[in-house]
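The values are calculated or read from the model by the stated rules, or taken from the named source; none is laboratory data. As the structure is a prediction and not an experimental result, all values here were calculated from the model. Note that each Cβ is placed from the backbone with ideal geometry, even for glycine, and that neighbours are counted across all protein chains shown. We work out accessible area using only protein heavy atoms, side chains counted, and drop any ligands, DNA or RNA first. Shrake-Rupley method; radii C 1.70, N 1.55, O 1.52, S 1.80 Å.
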Amino acid sequence: MSTAGFNSQNGTGTGQAYANGPSQNPVGLQQLPGVSYGMTHQPTYNPMQAKAPAPPGPGLYPTAAYQPGPPVSSYQSGPAHTSYPPPPGQPFLTRPAMGTPPSHTPPQSASPNHGPRMPLPQATPPPPAVSSSSYYSNPQQQPIAPSWQYNTAPAPMGPPPSLSAPPCGPLVNHTNPSSSSTVPPPPTLTAYSSPQPAYGSHSATQPPGPRMPPTSHLGYTQPGAAPPPLNPMLSHTYQPSRPAYGPPPTGPPPLGPPPAGPSPAMTSTPPSTAPPLANVTPPPPKADGTLAGNGPQSPNNFNSIDNKMAGLPQPGLPGRHLGHYPSLPPGYQNTAAPQKPTSPMHPTMQAATQPYSQTTQPYQQPHGGPGPAQLSPSLAALSLQSSSPEALRVVNLLQERNLLPQGPIPAPIPCLPQDLQKINCNPEVFRCTLTSIPQTQSLLNKAKMPMGLLLHPFKDLSQLPVVTSSTIVRCRSCRTYINPFVSFLDQRRWKCNLCYRVNDVPEEFMYNPVSRSYGEPHKRPEVQNATIEFIAPSEYMLRPPQPAVYLFLLDVSHNAVETGYLTVFCQSLLDNINALPGDSRTKVGFITFDSTIHFYNLQEGLSQPQMLIVSDIEDIFLPTPDSLLVNLNECKELVQDLLRSLPSLFEKTMETQSALGSALQAAFKLLSPTGGRMSVFQTQLPNLGVGALQSREDPNQRSSAKDIQHLSPATDFYKKLALDCSGQQVAVDLFLLSSQYCDLASLGCISRYSAGSVYYYPSYHHQHNPAQVERFQKELKRYITRKIGFEAVMRIRCTKGLSIHTFHGNFFVRSTDLLSLPNVNPDAGFAVQMSIEENLDDTQVVSFQAALLYTSSKGERRIRVHTLCLPVVNSLSDIFAGADVQAMAGLLACMAVDRSVTASLSDARDALTNAAIDSLSSYRQSVLTIQQPGLLAPACLRFFPLYVLALLKQKAYRTGTSTRLDERVFAMCQLKYQPLAYAMLMIHPALYRVDDLTDEGALNINERTIPQPRVLQLSVEKLSREGAFLMDTGTVLYLWIGRNCHPNFLTQVLGVPSYATVPENLYLLPELDTAESQRIRAFIGWLRDQRPFFPTLHVIRDESQLKASFMQNMIEDRTESALSYYEFLLHLQQQISK
């Protein structure tokens, strides 16, 4: 496979643009030069091709055709994209004056034509830049199309590679020792300004790694008819507290009873003794697709591990078709492990995480019928329309207004045999927008719905089987981990469910550590659980696992001291320092900065911490490299002394400047040798030294209906530094606490491209905004104590014929399907878009597997594997019946963020609107047998227009409402980074009436009674002046008190005698000893417990300043700049009926 496209992956540090960021392309991943999948496919459905211009009329959505630029990386270096004017003679839509009666003509769409759609335009810059190649067959002919191509990968380019050849040659690990000379420890507060050798000036050539012989795709038999069926498997339940499964005994199988006692655990191998190399110059790319950047590249990554673990191919038996293997004896069974019921959750989150097995199964497994991944051809003909009549029930959205169910909206259940449904991956972890995969790309284009996956790979799980084994069984061809959906042809062979290769079962795998029996590999935990974690053997390590290293970078300028955050930070870390994840090797360090950089010598033996000041911010260096990161256990008292003294050390500072860029460079130098986590706390716009920024926000333009400017970064400094950090296994988390504009669009790149997180606290002040202080305290505690994985990589594999072409989230794309995650945390979500490159005619089911290789805070190398299985269908009605509307909304939200940055906000809004128009139009034209008047949708898509309208009114995409630029950018970051369960509350908040809570239908959790009020529509007509209503927007809880609210509620819950005495800025409910108070506090506490971040509570009255924010979340109501839900439905109806 050629790797010409990877030459600029990590840049050269010379100011050149980075060709590849975390999202290969915000709209669709562009084809790498010289890389081809060897497939051809249908032209992609484009949800918003250029349609004929509509005449001006009342409506929200401009009708001017938009000419986008070439779809490049979401966050480009260099000049920002600008919005484009419409072609001459093409007017924008304008709304009528508010005083005039509305027109009876429904508003015009930006795309009124429903004929064949044109593909997205592509530019073809010269290689080798990864994200600049074209997926247009003829780049000279570029139609105008303000839309996405969200179901197709780039067009093939170059010679097709071997389908089964794994990457060759492990990636050499370079440890980068500090090149700075060690300065003797200076006296306290001694200023340093001496020059330092040029940063990264040493270079060496990377020696080529050993090469493994490539495997051939002739080593496995092509898929054909399904083999004879297996019998169902015995079930097994795992205890969450049981130890990891140990390896089997060595030697022949036991003849007597199984041995007693636990199996011994495997020990890790000693660290490598190879000498470290100095800083390296980026060598040319290797033929295996591995990369070299500025320093060592992902020493424990999948490319190198796959090469090391891949042996010679196993030739299949000649002349023997897979479908003709003898069937297994009746005792050879293969079914699922039963799922324990999950803990009660918030209704909206429960809707987004509903396990597949909680509702009636539409397909009953006959006795002796197909086992996992061995389905009879009859499944292909199984119609979802007959088995899921409710999903395809026709709903006239203009007549059925009360759509919200009383309980949560469950995730659709894939139409699979019952044993597969029970064992399938939980939708909390792995979810697809279509639970029935179309057989061809043309069928997917006809359905006009986005196909993609949403993942929460490192989620905190109450039950996670952990296996310790010296042999991790993987496909010899595609490197897929053995999973519940493979086929056992007999006791000694299994067929991969992704590439269909036949593999041998290793001798060790014949032993079952659960039952301690021999000869039943199908009962191993790896084949019984769709989510499993392996403790990796030494083959999965190219260097000793890194220790947990935490570096805190603190703004101590006058503005920072004024906010008071430093006191809260120091106290939180003091309180939780023993809960920092790690072991005896854990290291910590601190850097503070204003116009100079302050280091802290915490070396063991000192009586107090030593502050070392470096004032030369243009050529930053480390004054004492060996004593700035110290062992936490050995130097804990010095660390605690520093935390106690820091707030008072700077309390009288008058320094107003902020040299954030230089401080980040110093922190990068300090962490480069080991990797680790950098936590940055910033309170103002950086205005000194490298990375200095200027304010780009015009407050007068916040509510302008025109396109929002400055959503892209102002400089590529932070992106370049983030990519350097990623290469050295350093992730950067950003805490922004400010009342002023800080250019989060630029600063956020440091976290986005290094797999970090962004936390934003607008108007933070320790006295004036106590609600934000409480939120900062709670989220900081979670941040300090939560689980963490270091030097991680994640690879997503899918069944042959499918292809992944765009990623969403915070990461760096190291190769076409490998994400570099220097840190991974349990609160991070990811999304990917997919296309169908080969027809799936002979395939009944497809599988997707996400494998996350990481180092735990205890120094263990672990692999967490999630596998999802979905059916393949050949009819449009079956595709619609399996649509997951919440997953679709989550994926579209990610895509709209990229479109907003690379094109314009109005273009993203048009694309969202047309996504609803296109899917409902396809349903009406291709699925409905009897045409009826009205806006018709299948029951499974009845919430789709509501969610699209909610996105249009969400802070990230709304127009006509005053929205701070940083708040808009932060909302976009959240939509791309949050797991679906949390993002859905941001998209469509939940509204409850809480003045009449009862115990009827309540949950009982830990001896607490949690009321369960009904979810109400987001409309003012649902409010009552006699009641009190709680709105949950995910990050904020609003408790709205009606003017005539019953005095009993005021006294029993708020502790005030009347409405007039409700405090103006109340953010805490008093703990009263009344049943009403206990109920509402229990309910709010339960809502907060469902998410990793802390939503603030605001009690508001009609006169409150926050009432406007509360009302803006009434999605179904008309505002001055946006349609009501009913008007939006009329708009969709007119566009569909054209």
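Over region 844-937, with every protein chain in place, what whole percent of the accessible area is carbon and sulfur at 1.4 Å, could you tell me?
Its accessible area is 47 percent carbon and sulfur atoms.
Less than 14 Å Cβ to Cβ from F590, Lys/Arg counted +1 and Asp/Glu -1: what total charge do the surrounding residues give?
Taking every Cβ under 14 Å from that of F590, the sum is +2.
Could you state the accessible area per residue of region 726-801 in Å², with a 1.4 Å probe and every protein chain left in place? Intermediate results must be reported in sequence, preceding the final value.
Numbers: 1640 Å² over 76 residues.
With the other protein chains kept in place, region 726-801 gives 22 Å² per residue.
I'd like to know how region 769-859 sits against the 2.2 N^0.38 Å rule of thumb: what's its Cα Rg over that expected value?
1.47
Peptides 602-608, 932-938, 394-400: what's the order by average Cβ count within 10 Å, highest mean first?
932-938, 394-400, 602-608
Let me spell out the model: positive unit charges on the Cβ of Lys and Arg, negative unit charges on the Cβ of Asp and Glu, origin at the Cα centre of region 1046-1096. What dipole size does that give, in debye rounded to 20?
180 debye
Across region 846-853, in residue order, what do the Karplus-derived ³J(HN,Hα) couplings come to in whole Hz, using 6.51 cos²θ - 1.76 cosθ + 1.60 with θ = phi - 60° and x for Gly and Pro?
Whole-Hz 3J(HN,Hα) from phi for region 846-853: 10, 10, 10, 9, 10, 10, 10, 9.
Check Y764: other-chain or 5+ apart residues with amide H under 5 Å from its amide H, H built from backbone geometry?
Long-range HN contacts for Y764: S738, S739.
Over region 460-513, with every protein chain in place, what whole percent of the accessible area is carbon and sulfur at 1.4 Å, could you tell me?
Working: 640 of 1310 Å².
Carbon-and-sulfur percentage of accessible area, whole number: 49.
Output the peptides 616-629, 728-741, 1066-1079 sorted from most to least packed, where packing is the average of other Cβ atoms within 10 Å over each peptide's residues. The partial results should precede the final answer.
On the way: 616-629: 19.5, 728-741: 24.6, 1066-1079: 15.3.
Peptide ranking by packing, descending: 728-741, 616-629, 1066-1079.
What is the projected area of the convex hull of the Cα atoms of region 494-555, averaged over all directions, in nm²?
Mean projected area for region 494-555: 8.1 nm², to one decimal.
What is the local net charge at Q546, summed over the other residues whose Cβ is closer than 14 Å to its Cβ (Lys, Arg +1; Asp, Glu -1)?
Once all neighbours under 14 Å are counted, the net charge is +4.
Quick query: amide H of A883 versus all other amide H atoms, modeled in the peptide plane; which residues come in under 5 Å with a sequence gap of 5 or more or a different chain?
Under 5 Å from the amide H of A883: T435.
Strictly over 23 Å apart at the Cα level, which of K781/K1107; K587/K720; K495/K523 would you flag in this model?
With Cα atoms farther than 23 Å apart: K781/K1107; K587/K720.
Could you check the simple spin-label distance between R393 and R493, using points 7 Å along Cα→Cβ, in nm with one decimal?
4.9 nm
With a 10 Å radius around each residue's Cβ, average the other Cβ atoms per peptide and rank 782-790, 880-888, highest first.
880-888, 782-790
Using the Karplus equation 6.51 cos²θ - 1.76 cosθ + 1.60 (θ = phi - 60°), what ³J(HN,Hα) coupling, rounded to whole Hz, does each residue of region 1078-1086 give in order, writing x for Gly and Pro?
Rounded to whole hertz, the list is 5, 5, 5, 5, 5, 5, 5, x, 5.
For Cα pairs less than 8 Å apart in space and 6+ apart in sequence, what is the mean separation divided by the residue count of region 957-1066, i.e. the relative contact order in percent?
Reported as a whole number, the value is 19 percent.
Quick one: net charge around P438, please, counting Lys, Arg +1 and Asp, Glu -1 for every other residue with C-beta under 12 Å from its C-beta. Numbers along the way, then the final one.
Numbers: positive: K446, K448; negative: D841, D878.
Around P438, the charge tally is 0.
Place a +1 charge on the Cβ of each Lys and Arg in region 685-806 and a -1 charge on the Cβ of each Asp and Glu, then give the dipole magnitude about the Cα centre in debye, rounded to the nearest 20. Before the final figure, lay out each step's value.
Values: 15 positive and 10 negative charges, 126 e Å.
It comes to approximately 600 debye.
Give a residue-ordered list of calculated ³J(HN,Hα) values for region 887-898 (Karplus: 6.51 cos²θ - 1.76 cosθ + 1.60, θ = phi - 60°; whole Hz; x for Gly, Pro).
5, 4, 5, x, 5, 4, 4, 5, 5, 5, 4, 5
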